Amino acid sequence: MKQYIDLRSDTVTQPTKLMLDELIRAPLGDDVFSEDPTVNELEKKAAGLLGKEDALLVPSGTMGNLIAVLVHCARGTEVILGDCSHTFIYEAGGISAFGGIHSHQLKNDKNGTIDINLIKNAIRTDDVHFPTTKLICLENTHNKCYGFPLEIDYINSICNLAHENNIKVHMDGARIFNACIALDASPDIILKNVDSITF
């Protein structure tokens, strides 16, 4: 009998019996008051693994991306992202609907990157007629671009450009650990200059 590995989406994975048993035995508390030891441990572990100051457990990657964009962008500002990005295609326009944030889509190349010159030229000048560019979103590995991982040098060049222009960088890292394996690098190295990430 043939066995298949379903790679359509990271959402088709089902928990094993061992995972379910661990869920049942996990100590619980009130997360609203930061008294859930399991959530606290998970958030602390995630932050440490990714080299970030803190972490927040939320129910979905879509919610995580929305929260990150809302944290970085005020109403009426702009985010630069790829035209094949998950945030643009699959997240129901949440950044606009809930945040009043304008999205400026640029062409993703087949490997998931966006030409740095396109990004440079898309950063708005200070003009009352334009929304202010506040964020650049990357995706790693890139879902609609054949699962390509973004190279560390590319990520750092985007971060350098962004930070020189007082712009933050958020990464949709739904498959960041796949990128780690492909690039043979730990997540804290890949994300060193990235301001926020979801996974």
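The values are calculated or read from the model by the stated rules, or taken from the named source; none is laboratory data. Small disclaimer: the values here were computed from a predicted structure and weren't measured. Positions of Cβ are backbone-derived with ideal geometry, glycine not excepted, and every protein chain shown enters the neighbour counts. Heavy atoms of the whole protein, side chains included, go into the accessibility calculation; ligands, DNA and RNA do not. Shrake-Rupley method; radii C 1.70, N 1.55, O 1.52, S 1.80 Å.
Table for the structure above
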| read-out | value |
| --- | --- |
| Along principal axes, Cα extents of segment 107-184, largest first, whole Å | 44, 20, 19 |
| As computed over segment 1-124, the Cα convex hull volume per residue (Å³) | 176 |
| Residue-level accessible surface for Lys120, protein heavy atoms, 1.4 Å, Å² | 110 |
| Degrees separating the helix 152-164 axis from the principal Cα axis of the chain, which is the longest one | 50 |
| The chain: most fluctuating residue of Leu106, Leu28, Leu56 per GNM, C-alpha cutoff 10 Å | Leu28 |
| Rounded percent of accessible protein surface that carbon and sulfur make up, the chain, 1.4 Å probe | 56 |
| Karplus (6.51, -1.76, 1.60) ³J(HN,Hα), θ = phi - 60°, over segment 78-89, in Hz, Gly and Pro reported as x | 10, 10, 9, 8, x, 6, 10, 6, 4, 4, 6, 7 |
| Where the Cα pairs of segment 78-147 fall when distances are cut into 10 Å bins, in % | 20, 50, 26, 3 |
| Amide H within-cut-off set for Ile197, under 5 Å, with H built and near neighbours excluded | Met171 |
| Phi to ³J(HN,Hα) by Karplus 6.51 cos²θ - 1.76 cosθ + 1.60 over segment 40-47, Hz, x for Gly, Pro | 4, 5, 4, 5, 5, 5, 4, 4 |
| Alpha-carbon gyration tensor eigenvalues x 5, square-rooted, for segment 49-199, Å | 22, 17, 15 |
| Pair Lys144, His104: separation of 7 Å Cα→Cβ label points (nm) | 1.9 |
| Relative contact order of segment 1-62, defined on C-alpha pairs under 8 angstrom at six or more residues apart (%) | 15 |
| Helix-only CD estimate at 222 nm, as mean residue ellipticity for the chain, using -39500 (n - 2.57) per DSSP H run (n ≥ 4) | -10500 deg cm²/dmol |
| Cα-based Lys pair tally, segment 38-171, threshold under 25 Å, eight or more apart or on separate chains | 18 |
| Efficiency of FRET from Cβ geometry, Thr13 and Asn160, R₀ 45 Å, rounded to 0.05 | 0.80 |
| Residues whose placed amide H lies under 5 Å from that of Leu106, excluding near-sequence neighbours | Leu81, Gly82, Asp83 |
